[in-house]
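Shown next, in structure tokens, is the structure this report addresses.
The values are calculated or read from the model by the stated rules, or taken from the named source; none is laboratory data. No experiment lies behind these values; they were computed from the predicted model shown. Cβ placement follows ideal geometry from the backbone for every residue including glycine, while neighbour counts extend to all protein chains displayed. Note: accessible area is taken over every heavy atom of the protein model, side chains too, but ligands, DNA and RNA are not part of it. Shrake-Rupley method; radii C 1.70, N 1.55, O 1.52, S 1.80 Å.
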Amino acid sequence: QVQLVESGGGSVQAGGSLTLNCRNDGRIYGTKAMGWYRQAPGKQRELVAVITTRGETTYADSVKGRFTIFMNARNKVYLQMNSLKPEDTALYYCYTEADRTYWGPGTQVTVSS
């Protein structure tokens with residue numbers, strides 16, 4: 001079974017930074033894009049950022065100018081998060097678009113005021 005492995009979550013104070021990392025285990029072929037969603041308690045899952053294999057990026061309005069997504073090879077994606085706010089607190093899920101969408105188990109980000 002294909003796996004996505006996430007790391008880099010944690011707790012930080014407002015204004016701080018974190019970098020999320022995600023890699024797939026190399027058994028996904030035909031990757032089109034990789035990215036991150038997040039889900040806060042009581043809220044719907046929302047797109048944070050996505051990058052295609054051509055380098056095209058899309059960001060949620062709420063993170064533009066603070067978060068940067070980049071891809072290294074076709075099986076690793078990173079999310080650099082700066083100027084974190086308490087409202088960024090959520091479970092962050094990595095995903096890969098290929099023949100279908102693959103999801104990681106999620107990594108928790110907690111930002112305290």
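Rolling a 1.4 Å probe across the protein heavy atoms gives the stretch 1-50 an accessible surface of 56 Å² per residue. Candidates S62, S113, V48 compared by Cα position along the dipole of the chain: farthest toward the positive end lies V48, with charges placed on Cβ. The coefficient of translational diffusion for the chain, derived via Stokes-Einstein from the alpha carbon Kirkwood radius under 20 °C and 1.002 mPa s, stands at 154 µm²/s. Label sites at N82 and K64, each approximated as a point 7 angstrom past Cα along Cα to Cβ, lie 1.7 nm apart.
Other residues within the sphere of radius under 11 Å centred on the Cβ of R38, judged by their own Cβ, net out at -1 (K and R +1, D and E -1). Label positions at N72 and R45, each projected 7 Å from the Cα along the C-beta direction, are separated by 2.6 nm. Straight-line cross-link reach from K85 at under 27 Å between alpha-carbon atoms covers these lysines, not counting any fewer than eight positions away in the same chain: K43, K64, K76.
The distance linking the stretch 73-113 with the stretch 7-65 is 4 Å (Cα centroid to Cα centroid, whole angstrom). The protection proxy used here, the mean number of other Cβ atoms lying within 10 Å of each residue, ranks peptides 88-98, 41-51, 19-29 as follows, highest first: 88-98, 19-29, 41-51.
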